[in-house]
Amino acid sequence: MVHIYKNFLYVISLLSVTSFCGCGCSEQNTGGAQNNEDIENYDVKAYLTTTNRAYDLTEKYINFSDKDPMSPNTITLNPNVKYQEIDGFGAAITGSTSYNLSLMPEEKRNEFLEETFSPQKYGFSYVRISIGCSDFSLSDYTCCDTKGLENFALTIEETKYVIPTLKQILKINPDLKIMGTPWTCPKWMKVKSLEERIPYDSWTGGQLNPEYYQDYAQYFVKWIKAFNEAGVNIYSITPQNEPLNRGNSASLFMGWQEERDFVKTALGPALKAAGLNVKIYAFDHNYNYDNMAEQQKYPLKIYEDTEASKYFAGAAYHNYGGNKNELLNIHNSAPEKELVFSEASIGEWNDGRELDKSLLRDMEEITLGTVNNWCKASIVWNLMLDNDQGPHGGPGACATCYGAVDVDNESYSIVTRNSHYYIMAHMGSVVRPGAIRIKSDGYTREGLTYSAFENTDGTYAFVVCNNNAEELNLTINDGNNNFAYIIPASSIVSFNWKK
């Protein structure tokens with residue numbers, strides 16, 4: 001089919017000379033519009049990435065067709081059929097990420113953060129941070145390691161690294177949403193088990209002593225208020241990261257009954273009494289509930305308690321076990337509750353640095369795969385690690401993880417994008433917070449995944465992943481306008497246009 005373009009960036013050659021952009025990523029020289037006036041006259045803006053990096057978030061400019069969309073390869077948007085509202089896309093600002101960012105030359109750091117979080121660029125808009133330490137912190141700690149809430153205080157990890165990073169990001173994107181999650185309660189609140197209630201002096205494992213439910217709820221309140229006072233507002237929290245994982249370097253087991261009771265009797269009322277309008281998401285762990293029979297459908301069991309349920313906005317999930325279809329199962333059982341995808345990591349085990357193995361898989365599973373199963377947001381793990389995969393925590397922490405990007409730990413000036421950066425950039429660049437996912441259907445085939453959205457600014461967004469060895473010639477029709485585009489083999493393309 002003939003391409004319907006005006007001012008399209010024609011490809012010179014897949015073998016043309018590669019240059020390097022300011023953040024250290026490779027970008028193919030694909031030519032461009034002849035002048036600024038030409039670029040300003042396009043109808044559709046697109047971003048293209050291929051697994052061979054010949055196109056690396058490369059901008060494309062397309063015009064509407066003046067012909068009827070008669071192609072059998074037409075995908076039609078239907079804004080009258082609406083699904084969930086989108087909160088955003090992004091990555092975790094861990095202690096390790098913040099530390100690495102602090103070591104970058106100021107100009108390079110500013111350039112990277114501007115490109116990543118600006119709504120005019122890649123639009124990352126939702127981040128996750130730890131309440132106390134995580135397995136990617138500079139040490140194991142909480143904000144109250146000495147017994148007694150009078151000893152609560154933010155630590156150097158927050159005051160020197162995390163908060164300054166967040167405040168810089170907020171200057172770029174003031175509407176940034178921030179989720180807070182603890183990896184462990186203070187050790188003095190832990191017991192070995194609820195049956196024995198023997199004090200448990202370890203960062204790894206243990207359970208929250210019910211005698212400290214009220215104290216721990218106030219710990220959350222103090223932490224949220226401390227961040228608010230520092231100019232960083234918290235949008236949402238989860239009561240516990242990976243509550244079924246006893247083995248992380250910092251961890252706490254919290255079965256569904258415990259989470260229900262803690263939130264119902266302590267955390268929910270404490271946030272309400274403090275006037276803190278912060279969303280609470282249940283669970284925050286794997287699709288398969290770590291194969292624990294008694295923990296299956298974890299959030300649904302909590303929702304059965306109407307007093308507890310009223311404090312939960314919804315549930316959060318990770319993808320380290322099970323299938324994303326569980327999101328649809330949970331939505332169908334509790335359609336009034338929200339869903340967010342709150343963590344996924346790449347590393348040596350899943351080839352996150354090799355785009356030919358990871359890019360399309362991650363797009364299908366983590367971003368398009370979760371929003372097409374009713375998630376309002378999708379957040380991956382560390383935004384930035386160094387090229388030695390750190391710094392990371394002690395025994396039990398991941399020593400084989402990659403960040404969404406890696407920064408060299410000599411000059412801290414060269415940033416390499418991995419698959420998780422691309423999948424979030426392809427969503428955030430065209431799908432704005434507040435967008436509504438809408439129906440899109442028509443042409444389908446194996447290896448083709450897509451989703452459509454209507455933004456609050458009156459534009460449409462359409463994101464498509466072609467996991468095929470051959471290009472696909474698609475026509476996109478919104479009911480009033482249409483355009484044709486050849487989706488390259490093994491690629492992702494994000495489109496944005498005015499109605």
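Name the one entry in G393, G447 that is closer than 24 Å to I178 by Cβ and out of contact with any helix residue (DSSP H, G or I) (no Cβ under 6 Å at 6 or more places or on another chain). Only one candidate passes the filter, namely G393. Restrict the check to segment 307-328 and report whether at least one residue is basic (K, R) and over 22 Å from I366 (Cβ atoms). The answer is yes, given that some residue of segment 307-328 is basic (K, R) and over 22 Å from I366 (Cβ atoms). Against the test of being in contact with a strand residue (DSSP E or B) (Cβ under 9 Å, 6 or more places away or on another chain), closer than 13 Å to T51 by Cβ and among the small types (G, A, S), the options A484, A489 yield a single qualifying residue, A489.
Going through segment 143-168 one residue at a time, which ones are among the β-branched types (V, I, T) and either within 19 Å of F341 (Cβ to Cβ) or surrounded by fewer than 24 Cβ atoms within 10 Å (Cβ to Cβ) (or both)? Answer for segment 143-168, where residues must be among the β-branched types (V, I, T) and either within 19 Å of F341 (Cβ to Cβ) or surrounded by fewer than 24 Cβ atoms within 10 Å (Cβ to Cβ) (or both): T146, T155, I156, T159, I163.
Yes/no matrix, rows are residues, columns are (1) free of Cβ contacts under 8 Å to residues at least 60 places away in the same chain; (2) more than 19 Å from G88 (Cβ to Cβ):
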site	(1), (2)
T165	no, no
Q168	yes, no
P174	yes, no
K177	no, no
T181	no, no
P186	yes, yes
S193	yes, yes
P199	yes, yes
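Confirm whether Y212 is closer than 18 Å to L276 by Cβ, assigned by TED's automatic domain parsing to the domain that holds E106, hydroxyl-bearing (S, T, Y) and in a helix (DSSP H, G or I). No; evaluated as a whole, the condition is false for this residue.
Residues in segment 258-294 that are over 20 Å from V221 (Cα atoms), surrounded by 15 or more Cβ atoms within 10 Å (Cβ to Cβ) and not charged (D, E, K, R): H285, N286, Y287, N288, Y289. Annotation note: of N233, N241, N245, the sole residue that is among the polar types (S, T, N, Q), touching a Phe, Trp or Tyr at 6+ places or on another chain (Cβ under 9 Å) and over 29 Å from G275 (Cβ atoms) is N245. Of the residues making up segment 366-388, those that are under 12 Å from the mean Cα position of the chain (by Cα) and free of Cβ contacts under 8 Å to residues at least 60 places away in the same chain are I366, T370. Within segment 97-141, the residues that satisfy the criterion of being closer than 20 Å to I237 by Cα, among the hydroxyl-bearing types (S, T, Y) and surrounded by 23 or more Cβ atoms within 10 Å (Cβ to Cβ) are T97, S98, S125, Y126, S130, S134, S137.
Number of residues in segment 203-255 that are at pLDDT below 95 and under 22 Å from the mean Cα position of the chain (by Cα) equals 1.
From G447, G428, grab the single residue that is at positive phi and out of contact with any His (no Cβ under 7 Å at 6 or more places or on another chain).
G447
The residue that is surrounded by the fewest Cβ atoms within 10 Å (Cβ to Cβ), among those in segment 416-468 that are of a type in the set (S, T, Y) and within 27 Å of N382 (Cβ to Cβ), is T416. The set of residues in segment 144-182 that are β-branched (V, I, T) and either within 30 Å of E114 (Cβ to Cβ) or assigned to a helix (DSSP H, G or I) (or both) comprises T155, I156, T159, V162, I163, T165, I169, I172, I178, T181.
The values are calculated or read from the model by the stated rules, or taken from the named source; none is laboratory data. What you see is a predicted model, and the numbers here were worked out from it, not measured in a lab. In this analysis, Cβ positions are derived from the backbone assuming ideal geometry, glycine residues included, and neighbour counts consider all displayed protein chains.
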